[in-house]
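Below: one structure, written as structure tokens.
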Amino acid sequence: DAIKYVYAFGDSYSFVQGTEGYANYSFIGDSFNLAFSPGQLLSDHIIPRNLEYLTGCFGGLPSACSRQLWDFAFAGADISLALLPQHHNFSVQMVDQVKQW
């Protein structure tokens, strides 16, 4: 109950679909559009998938949830291009997800 924020990074197992994200891949952005404004991030709504069940944050604005879920994971992502080739040319690798955060 003491946990107020959950920050997620990773691949399809941990990503949350957002209304500002790349459909079926991310909460916000892709590698062609990595940058986003604070307004875009704060107005991005969750489309329920997996981590929402752990946080109870099933939709709407993450900031409105009692346990906020901020998910930067990207379906199809790997850790880094230095380790593995990119699955899709629009994938955001985990090291870049951390940079987004």
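The values are calculated or read from the model by the stated rules, or taken from the named source; none is laboratory data. Treat the numbers as computed from the prediction; the structure is a model and nothing was measured. Virtual Cβ from ideal backbone geometry, glycine too; neighbours counted across all protein chains shown. With ligands, DNA and RNA removed, areas are computed over all heavy atoms of the protein, side chains included. Shrake-Rupley method; radii C 1.70, N 1.55, O 1.52, S 1.80 Å.
The table below gives the values:
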item: Sum of side-chain charges, G21 neighbourhood, beta-carbon under 10 Å (Lys, Arg +1; Asp, Glu -1); result: -4
item: Lys/Arg +1, Asp/Glu -1 at C-beta; the range 1-100 dipole; positive extreme among L81, N50, F32; result: N50
item: Most mobile listed residue (A82, A23, A64) in the chain, GNM with C-alpha springs under 10 Å; result: A82
item: Which of D1, D78, D11 is most accessible, then next, and so on - probe 1.4 Å; result: D1, D11, D78
item: Fluctuation leader among N50, N89, N24 - the chain, Gaussian network, Cα springs under 10 angstrom; result: N89
item: Listed values [x] 7.1; [y] 6.0; [z] 6.7, entry calculated as mean projected area of the Cα convex hull in nm²; result: [y]
item: Surface accessible to a 1.4 Å probe, I3 within the full protein complex, Å²; result: 100 Å²
item: Segment S80-Y5, length gained on full extension (0.36 nm per residue, minus Cα span); result: 24.5 nm
item: Carbon plus sulfur fraction of accessible area for the chain, probe 1.4 Å, in percent; result: 59 percent
item: Counting DSSP beta bridges with both ends in the chain, the antiparallel % (nearest 5); result: 45 percent
item: Accessible area in square angstrom per residue, the chain, 1.4 angstrom probe; result: 56 Å²
item: Local electrostatic count, L83, Cβ distance below 14 Å [Lys/Arg +1, Asp/Glu -1]; result: -3
item: Solvent accessible area, Å² - V98, 1.4 Å probe, full protein context; result: 70 Å²
